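To start, the structure itself, in structure tokens.
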């Protein structure tokens with residue numbers, strides 16, 4: 001009888017702990033770029049050279065989390081606290097180029113800032129141009 005009470009008390013304590021942790025978890029807030037960036041137009045034309053540069057940068061900096069085709073299935077994706085997302089979806093592709101530039105530049109959570117990891121703004125725009133090729 002005493003063993004059953006101990007097991008029940010332990011199970012109840014675990015249940016309360018799990019529920020408490022769940023109550024403090026907040027859903028991810030939508031990631032919205034500031035209006036200034038949302039309206040920014042890319043100064044870099046999406047030509048063959050830009051796409052080539054963007055693809056190389058993507059392979060070096062992005063594919064480990066976002067996957068080779070941008071589906072969010074990279075080798076490090078399972079280790080992240082947040083889902084990397086799927087670049088091929090209409091929701092992703094509806095974002096403005098300026099919004100993508102902002103998100104790549106600034107980062108958030110598991111997504112690092114790339115403004116110091118790549119050579120300059122042109123490289124970030126090359127990445128944005130390449131991301132546009134990952135449509136379904």
**Message:** Between a residue in the range 53-72 that is under 16 Å from residue 124 (Cβ atoms) and any residue that is surrounded by 20 or more Cβ atoms within 10 Å (Cβ to Cβ) and modelled with pLDDT under 95, which pairs come within a Cβ distance under 6 Å, given they are 6 or more apart or on different chains?
**Reply:** 66/84
**Request:** Specify the residue that is surrounded by the fewest Cβ atoms within 10 Å (Cβ to Cβ); the eligible residues are those in the range 73-92 that are in contact with a helix residue (DSSP H, G or I) (Cβ under 6 Å, 6 or more places away or on another chain) and in contact (Cβ under 8 Å) with a residue 24 or more places away in the chain.
**Result:** 84
**Request:** Would you list the helices (runs of 4 or more DSSP H) that sit entirely within the range 55-128 and hold 2 or more residues that are closer than 24 Å to residue 43 by Cα and under 13 Å from the mean Cα position of the chain (by Cα)?
**Result:** 97-106
**Prompt:** Which condition does residue 60 not pass, out of (1) surrounded by 14 or more Cβ atoms within 10 Å (Cβ to Cβ); (2) at pLDDT 95 or above, if it passes all the others?
**Reply:** (1)
**Asked** Before we move on, is residue 45 at pLDDT 90 or above, within 19 Å of residue 133 (Cα to Cα) and part of a helix (DSSP H, G or I)?
**Response** no
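The values are calculated or read from the model by the stated rules, or taken from the named source; none is laboratory data. Because the structure is a prediction, the values reported are computed rather than measured. Ideal geometry is used to build each Cβ from the backbone, glycine not excepted, and the neighbour counts take in all protein chains shown.
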